[in-house]
Amino acid sequence: MIQAILTGATAYISTGIDYLVILMIIFGSTRRSDKWLVYIGDLLGTTILVGASLILALILGFVPEEWMLGLLGIIPIVMGLKQLFFGDNDDDSAIENRMQKRASVVVNVVIVTIATCGADNIGIYVPIFTNAKPNEIIVILLTFLVMLTLFWLAGYWLVRIPSVANFLNRWSRYITGIVYVSLGFYIMWDSGTLSHFVSAAIALI
């Protein structure tokens, strides 16, 4: 259970650091009284992404060899290297413009969440869900809910501290990239993929 909590927390933090910056932009573009609408939009958008990840993980669950599923760990490794060397292309002004649209705050936040986090979240969550047991998935989902709430609160309060916003803007890509790569190697190690290739290499020598 503790391992599942740590896995869920690490996975959410890895995708949530960049999203924390986005949340701060959202809060900077909305009224303080709309904070609960932002939460609902965040929750709905994340639920859609998590649901899509679970469906993909269920399909991939029919793969016969567990070590083959560990190859999914390559996805977060590639994503992490991309973050480290190239950063992301989230456009602050595009997010602000989206939040100014006449649609409700909830709808705008859902759209921003899916548009900015879709690929990253699914790329990280699918390998984790694929390699987790059903009871571990439940714990991971509950951990996601707790982490989502904490990040929402952090975004709401940190938007008022410019120095924090500047730090996140400067360093979030590096923190996210390192965690992505670490998660990828952990997935490959936990599923036996790395040991499988090491054994195969030894057998060839």
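The values are calculated or read from the model by the stated rules, or taken from the named source; none is laboratory data. Source: prediction; values computed, not measured. Every residue, glycine as well, gets a Cβ built from its backbone with ideal geometry; the counts of neighbours run over all protein chains shown.
Looking only at region 114-144, which residues are free of Cβ contacts under 8 Å to residues at least 60 places away in the same chain and under 18 Å from Tyr19 (Cα atoms)? Residues satisfying the conditions are Ala115, Ala119, Gly123.
When the helices (runs of 4 or more DSSP H) confined to region 29-106 are screened for residues that are surrounded by fewer than 18 Cβ atoms within 10 Å (Cβ to Cβ), over 15 Å from the mean Cα position of the chain (by Cα) and modelled with pLDDT of 75 or more, those reaching at least 1 such residues are found at 35-60, 74-86. For region 169-183, enumerate the residues that are surrounded by 19 or more Cβ atoms within 10 Å (Cβ to Cβ) and either of a type in the set (A, V, I, L, M, F, W, C) or over 21 Å from Thr46 (Cα atoms) (or both). Result: Val179, Val181, Leu183.
Within region 107-152, the set of residues being of a type in the set (Phe, Trp, Tyr) and under 13 Å from the mean Cα position of the chain (by Cα) comprises Tyr125, Phe129, Phe144, Phe151.
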